[in-house]
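Quick notes on the structure that follows.
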Amino acid sequence: MQMRTQLVVAGEFPGYHRWPEAPAPFQYLRLYHSHMFTFRAYIAVVDDREFEFLELADRCSRKLQDYLTFHGDSSCESLAQELCRFLQSWQLRVASGEVLEDGKCGAIVYVE
Ligand SMILES: [Zn+2]
């Protein structure tokens with residue numbers, strides 16, 4: 001039996017963002033509003049305990065919160081892409097990354 005293993009790195013962070021070009025029915029989104037953003041990433045591994053995922057989750061949370069502070073027009077799509085880029089910068093084999101607003105709707109990015 002062949003098996004593949006992925007570790008899960010997840011967390012949350014509060015933040016503000018806006019959608020400056022939101023269409024008229026959703027113009028309230030043009031103003032800054034807050035969410036509790038949640039994220040989850042799946043990372044391929046070969047061996048047990050290749051990295052410490054709790055520490056990595058904290059780093060991801062701080063990274064995404066900092067990113068949103070300086071990129072307040074960010075969407076869940078761009079935050080999920082940033083999550084994947086951050087994990088790749090640590091030489092990790094990220095398979096996917098997702099960011100949700102208030103644990104409900106958001107985006108998932110698959111890394112080819
Ligand atoms: Zn929003």
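Assorted remarks:
- Conditions (1) within 22 Å of residue 4 (Cβ to Cβ); (2) at pLDDT below 95; (3) in contact with a Ser or Thr (Cβ under 6 Å, 6 or more places away or on another chain); number of the one not met by residue 103: (1)
- Sole exception among (1) surrounded by 12 or more Cβ atoms within 10 Å (Cβ to Cβ); (2) modelled with pLDDT of 95 or more for residue 55, by number: (1)
One line per residue, one yes/no per condition, for (1) at pLDDT 95 or above; (2) surrounded by 14 or more Cβ atoms within 10 Å (Cβ to Cβ); (3) charged (D, E, K, R); (4) over 24 Å from residue 112 (Cα atoms):
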position: 13; (1), (2), (3), (4): yes, yes, no, yes
position: 16; (1), (2), (3), (4): yes, no, no, yes
position: 19; (1), (2), (3), (4): yes, yes, no, yes
position: 28; (1), (2), (3), (4): yes, no, no, yes
position: 38; (1), (2), (3), (4): yes, yes, no, no
position: 44; (1), (2), (3), (4): yes, yes, no, no
position: 47; (1), (2), (3), (4): no, no, yes, no
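- Considering (1) among the small types (Gly, Ala, Ser); (2) surrounded by fewer than 13 Cβ atoms within 10 Å (Cβ to Cβ); (3) touching a His at 6+ places or on another chain (Cβ under 8 Å), the lone condition that residue 74 does not fulfil carries the number (2).
Every residue, every condition in (1) over 18 Å from residue 107 (Cβ atoms); (2) away from the ligand (no atom under 16 Å from the Cβ); (3) out of contact with any Pro (no Cβ under 7 Å at 6 or more places or on another chain); (4) not acidic (Asp, Glu), yes or no:
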| position | (1), (2), (3), (4) |
| --- | --- |
| 22 | no, no, yes, yes |
| 27 | yes, no, yes, yes |
| 39 | no, no, yes, yes |
| 44 | yes, yes, yes, yes |
| 50 | yes, yes, yes, no |
| 63 | no, yes, yes, yes |
| 69 | yes, no, yes, yes |
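- Here 100, 87 are screened, and the one residue that is buried (at least 20 other Cβ atoms within 10 Å of the Cβ), of a type in the set (A, V, I, L, M, F, W, C) and within 13 Å of residue 12 (Cβ to Cβ) is 100.
The values are calculated or read from the model by the stated rules, or taken from the named source; none is laboratory data. Not measured: the values here are computed from a predicted model. Virtual Cβ from ideal backbone geometry, glycine too; neighbours counted across all protein chains shown.
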